Amino acid sequence: MANFDKELCDLLRARFPFINITTYEEERLVNELTRIVTTPELIHTPRKVFVWKSSEGFRNNEGIIEEDTFDKHSALKYIREYNQPAVFVLLDFHIFCEKCNGGVDNNIVRSLKDLMPNLKQSMQPKNVIFVSPTFNSPDDLKKDVTVLDFELPQQEDIERVLNEIIDANAGGNL
């Protein structure tokens, strides 16, 4: 098991409520997260994956957009009320939490703090993962957000993708 896989599995199983993964590679990360959290051999309790974007709200790992989750407050309410094993990936949520571009949204910080006991004490495992190129936790959340590094792709991963591209284009006119 790769180092990232093991660290993430350990954090999820230990029910760390908030995990921050800093990366520009959103799609690759979401694919890896989905692979990890839906594999019982890795995570023990498989989880559904929901990805939130401010442009569309939550989309589950079947590609279905969840109604009424477009707004950031509605998204946090959805997380709180969801009662199945899940990982909620919040893309670019740092915009509402960082002290820049007009300051921190204190209502969001308060909502995240209020959400924490729900995540820790829920009968079903639930975690929130923040994904963005940068993320500076507000002071009120610093001790509650665990930072995890997302590794660059390995040579085998790059070769596999290149071979897939070559195979897909082998019969076509380039």
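All of the numbers you see were taken from the coordinates with simple rules; none came from a lab. In this text the structure is predicted, and so the values were computed from the model without any measurement. Neighbour counts are summed over all protein chains in view; Cβ atoms, including those assigned to glycine, are modelled from backbone coordinates with ideal geometry.
Of note:
- Restraint check, LYS113/LYS143; LYS72/LYS120; LYS48/LYS113; LYS53/LYS143; LYS53/LYS77; LYS77/LYS126, Cα-Cα greater than 18 Å: LYS72/LYS120; LYS48/LYS113; LYS53/LYS143
- Each residue of the range 135-146 was assigned a 3J(HN,Hα) from its phi angle through the Karplus curve 6.51 cos²θ - 1.76 cosθ + 1.60 (θ = phi - 60°); the sequence is 7, 10, 4, x, 3, 5, 10, 3, 7, 9, 10, 8 Hz, with glycine and proline shown as x.
- Pairs of Cα atoms nearer than 8 Å and 6+ residues apart set the relative contact order; for the chain it is 31 percent.
- Note on THR134 and ASN106: the model spin-label points, each 7 Å out from Cα along the C-beta direction, lie 2.4 nm apart.
- Separation in nanometres of the label points that stand 7 Å from Cα toward Cβ, at THR45 and ASN31: 2.9 nm
- With each label modelled as a point 7 angstrom along the Cα→C-beta vector, the GLN155-GLN84 pair spans 4.2 nm.
- A Förster radius of 45 Å, combined with the Cβ-Cβ distance separating LYS77 from ASP5, puts the computed FRET efficiency at roughly 0.90.
- Amide H contacts under 5 Å for LYS126, placed H, 5+ residues apart: ALA86
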